[in-house]
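Q: So that we are looking at the same thing, I have put the structure below in structure tokens.
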Amino acid sequence: MPTLSEAHLLSARLFQVTEQMRSDFAAVAAEFGLTALQARSLLFLDRARPMRAVADHLSCEPSNLTGVADRLERSGLVERVAGQDRRVKLLQLTPDGADLRARLAERVANRSTVTAKLDAAERRTLSTLLDRLLEPGP
């Protein structure tokens, strides 16, 4: 039977790893002159997506995403385009945005806490364990 101390220690370690990953990601984003939210937006835009979907993915209010999109648009990285329903605005990468996204994705993959410190077998084991933790139920 797990103890409270064991549960606390494991939870604390998971939070520490999460915070380290966030810090690593923010540092990589800053190398490209981006905030973490801007970088996450670019990485999510593998295709044109409704602004609402981007906001949902980022767990932010659509009004907050508008500011992020404005800054990315001013930087020439994204553009707003009309969707099939002209009331829905899509965000899509410009050619410069697609290039930056590819470089950002490569740097994130190489500098992530998980990929930098774990070999392929360890990453597969971690993935299996995380999937198990995310299964519904106790």
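Q: Please go through the stretch 97-138 and pick out each residue that is in contact with a helix residue (DSSP H, G or I) (Cβ under 7 Å, 6 or more places away or on another chain), open to solvent by 70 Å² or more (accessible area, probe 1.4 Å) and within 20 Å of V68 (Cα to Cα).
A: Answer for the stretch 97-138, where residues must be in contact with a helix residue (DSSP H, G or I) (Cβ under 7 Å, 6 or more places away or on another chain), open to solvent by 70 Å² or more (accessible area, probe 1.4 Å) and within 20 Å of V68 (Cα to Cα): there is none.
Q: Being touching a strand residue (DSSP E or B) at 6+ places or on another chain (Cβ under 8 Å) and surrounded by 15 or more Cβ atoms within 10 Å (Cβ to Cβ) is true for just one of V68, V78. Which residue is that?
A: V78
Q: Looking at this structure, is T94 open to solvent by less than 40 Å² (accessible area, probe 1.4 Å) and among the β-branched types (V, I, T)?
A: yes
Q: Restricting attention to the stretch 1-28, which residues are touching a Ser or Thr at 6+ places or on another chain (Cβ under 6 Å) and under 25 Å from V78 (Cα atoms)?
A: Of everything in the stretch 1-28, just one residue is touching a Ser or Thr at 6+ places or on another chain (Cβ under 6 Å) and under 25 Å from V78 (Cα atoms), namely D24.
Q: Note down all Cβ pairs under 7 Å where the first residue falls in the stretch 89-110 and is free of Cβ contacts under 8 Å to residues at least 40 places away in the same chain, the second is polar (S, T, N, Q) and open to solvent by 40 Å² or more (accessible area, probe 1.4 Å), and they're at least six residues apart or on different chains.
A: Pairs found: A109/T115.
Q: Within the stretch 19-27, is there a residue that is in contact with a strand residue (DSSP E or B) (Cβ under 7 Å, 6 or more places away or on another chain), part of a helix (DSSP H, G or I) and open to solvent by less than 40 Å² (accessible area, probe 1.4 Å)?
A: The answer is no, given that none of the residues of the stretch 19-27 is in contact with a strand residue (DSSP E or B) (Cβ under 7 Å, 6 or more places away or on another chain), part of a helix (DSSP H, G or I) and open to solvent by less than 40 Å² (accessible area, probe 1.4 Å).
Q: Kindly state which helices (runs of 4 or more DSSP H) lie completely within the stretch 57-138 and contain at least 2 residues that are more than 16 Å from the chain's Cα centre (by Cα) and at pLDDT 95 or above.
A: 62-74, 95-111, 120-134
Q: How many residues does the stretch 45-56 contain that are in a helix (DSSP H, G or I) and open to solvent by 40 Å² or more (accessible area, probe 1.4 Å)?
A: The number of residues fulfilling the criteria is 2.
Q: So if I check each of S11, S41, which one is outside any loop (DSSP other than H, G, I, E, B) and more than 13 Å from the chain's Cα centre (by Cα)?
A: After applying the criteria, what remains is S11.
The values are calculated or read from the model by the stated rules, or taken from the named source; none is laboratory data. Please read these numbers as outputs of a predicted model, since none were measured by experiment. Here the Cβ is made from the backbone with ideal geometry for all residues, glycine too, and neighbour counts use every protein chain on show. Heavy atoms of the whole protein, side chains included, go into the accessibility calculation; ligands, DNA and RNA do not. Shrake-Rupley method; radii C 1.70, N 1.55, O 1.52, S 1.80 Å.
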